[in-house]
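Novice: What follows is a structure written as structure tokens; I'll ask about it next.
Rule-based calculations on the coordinates, nothing more; no lab input. This one's a predicted model, so the numbers in the text were calculated from it and none came from an experiment. Reconstructed Cβ throughout: ideal geometry from the backbone, glycine too, with neighbour counts over all protein chains shown.
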């Protein structure tokens, strides 16, 4: 995976003239990481090993959303999410 | 460590350091507790040198996806780095070799901070400085995470399995200020979840990624700013 990531960065830095990417393509490319991350968040919260599963993680992620909306530091968000999930499981 | 005469402040530098240290620590701890070998993890910290792809890979594999799906997700996520590297490239060093070397340290944060500088030379200095301020904590946090991860037991017992999506959510949250992004994210997540029981391995994530096509809709407020 490292090679692919590096390749993308290097190509971006050296070969691509960003003015030549069409506006629409640019918009889609811009949205791509967000879409992937959103999909991953969904799967990581609500599924397990190929099956839908709702459990304490939902609470943890909800708490994380709350922390993020208050612009709390990452450290706090992580701690809060882990704690919330553990407490809910109890 | 802070270039003089630029807009990059110490408080920003410290925020970067703390944030990347935290994610470095959490990402690697989780990765290891899900079964990644320490050697692979250590290599990845330095060779991939990126938070979101590493996290995406870990999250996909942890919820049951294949390694290939994890790698693909990582690559799809890292397209962003290619784009930001391209965005700032015109202002960077003239030598392609230097730009290529610098590209390994392209993150959306340091590129954004460097872009603020009106002067190109300062932009380069800030790019490098910000990269240092975030990479070193990332590496340190990462290595620490490898050490700690080995000693942790079941990720679920400490609520760590929720931390993957939690960190990712916190990372993309600022982007959601732009309301046009919310439907894209929602669509992607929904599409992936709808498929998770009927499609194997990495298919749900890739289909979710197609949610990005939603961004191609012609909407007046999207033009002309790229």
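Novice: Sort out for me the Cα centre separation of the stretch B:25-71 from the stretch B:162-179, rounded to whole Å.
Specialist: Between the Cα centre of the stretch B:25-71 and that of the stretch B:162-179, the gap is 18 Å.
Novice: From the square roots a ≥ b ≥ c of the eigenvalues of the alpha-carbon gyration tensor of the stretch B:37-110, which class results: rounded (a/c under 1.5), prolate (a/b over b/c), or oblate? Mind showing how you got there, number by number?
Specialist: Working: a/c = 3.12, a/b = 2.01, b/c = 1.56.
Note, shape of the stretch B:37-110 comes out prolate.
Novice: For peptide A:60-69, what's the mean number of Cβ atoms from other chains within 10 Å of each residue's Cβ? Spell out each step's value before the answer.
Specialist: Values: counts 8, 8, 3, 3, 9, 6, 0, 4, 9, 3.
Rounded to a whole number, the mean comes out at 5.
Novice: Which residue fluctuates the most in chain B, going by a Gaussian network model with Cα springs under 10 Å, if the choices are B:75, B:173, B:138?
Specialist: With Cα springs under 10 Å in chain B, the top fluctuation among B:75, B:173, B:138 is at B:173.
Novice: For the stretch B:92-179, rounded, prolate or oblate, judged on the Cα gyration tensor with a ≥ b ≥ c (square roots of eigenvalues), a/c < 1.5 rounded, else prolate if a/b > b/c?
Specialist: Numbers: a/c = 3.48, a/b = 1.76, b/c = 1.97.
Since a/c reaches 1.5 but b/c is at least a/b, the shape of the stretch B:92-179 is classed as oblate.
Novice: Which percent of Cα-Cα pairs in chain B sits in each 10 Å bin, short to long?
Specialist: 8, 29, 34, 23, 6, 0
Novice: Once you put a point 7 Å from the Cα of residue B:112 and another 7 Å from the Cα of residue B:7, both along the Cβ direction, what distance in nm separates them?
Specialist: My value for the distance between the label points is 1.3 nm.
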